[in-house]
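Data block below; observations after.
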Amino acid sequence: MKTFILTAFSIALALAVSAQVTLEKKYDYSTSIVKLETQGYKYYLMDVPKAQCRIYNPDHSLYKTINCTVPNNCYLADVKYISEKLFDSDAGLELLYTYYRYYTTSNSYYYDYDSKIINEDGSTILSIDGARYNYVNQTDANTYKLFSYCYDYSVYPEVVWTNIYSLPGTSVYSLINEEKPVDIDLFPNPAIDKVNVYYSLPQNVDEGVLHIVDNNGKLIDRYTVDNHTAFLTLDVTPFQDGIYHYFIEYNGTRTASKKLVVR
């Protein structure tokens, strides 16, 4: 009996030791996964310095490289919706990418965003001026549309608009369940009197709390934000000149803090 117990224990111990978490592959950039309509699962990453989207097979061998052309002094900001049939009906791949440029003014700065949908050979399917955020949403049974949220930060107050595009197809994965990443930013920065805080919450989150703290971590003010609006206008005239930090808390989760300068 003791021999049997020892043997069983040895087998269990051997299995536990062999079931190790091991590093399979290290990519130099943030990597995601997509399930293509006919080619199955692929890994993909965004190489900002080379302005490329590289796609890899499940064994991590290179599948395709797609060049995401950006103008001079612009940088890739996002690559998404790699698909065979979402944006057109040919046999090649398509994807959507967003890029930006940084501009400085006499007393502030702003970003200019644009987006493109391209074929795998780099040819343009659609250019979307000002598009910073792009999401595919279900609008009816078996109907999906592209919502592009566009901004013009070169003027104050900035101009905000939304473009909605019909799509010829749908992706094989459930787009309606795609969770929007939490994003938060503000303009102008540095701020003198008023500032607009732009944010997006996940689809399953109704509201959160925007916190503003001083450089010592002391809470200065807090504001409720919800998923019915995309920005909040704040009066910073009561704030003393200096550096502040802001972040959003929701469902026990906190975003990374960002810097606000008040003059």
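Taken together, the values in this text are just the output of simple stated rules run on the coordinates, not laboratory data. A quick note: this is a predicted structure, and the numbers were derived from the prediction, not measured. No Cβ is skipped: glycine too gets one built from the backbone with ideal geometry, and neighbour counts run over all protein chains shown.
Miscellaneous remarks
- In this structure the amide hydrogen of S154, modeled in the peptide plane, comes within under 5 Å of no amide hydrogen from residues 5 or more places off or on another chain.
- Quarter of Cα convex hull surface for the stretch 217-263, i.e. mean projection, nm²: 4.0
- Relative intensity of the stretch 112-263 on a log10 scale, I(q)/I(0) at q = 0.09, 0.17, 0.18, 0.20 Å⁻¹, equals -0.36, -1.06, -1.14, -1.29, per a Debye sum over C-alpha point scatterers of equal strength in the absence of solvent.
- Pairs of Cα atoms nearer than 8 Å and 6+ residues apart set the relative contact order; for the chain it is 10 percent.
- For the chain, the longest principal axis of the C-alpha atoms and the axis of helix 2-18 are separated by about 40°.
- Cross-link partners of K42 among lysines, defined as those whose alpha carbon lies under 17 angstrom from its own and excluding same-chain residues fewer than eight positions apart: K25, K26, K64, K80, K85.
- Most to least packed among 52-61, 137-146 [average Cβ atoms within 10 Å]: 52-61, 137-146
- For K258, the lysines whose Cα comes closer than 16 Å to its Cα, not counting residues fewer than 8 places off in the same chain, are K218.
- Highest mobility in the GNM of the chain, judged by mean-square fluctuation with C-alpha springs under 10 Å and restricted to Q20, Q39, Q240, is found for Q20.
- All Cα pairs of the chain, percent lying beyond 23 Å: 63
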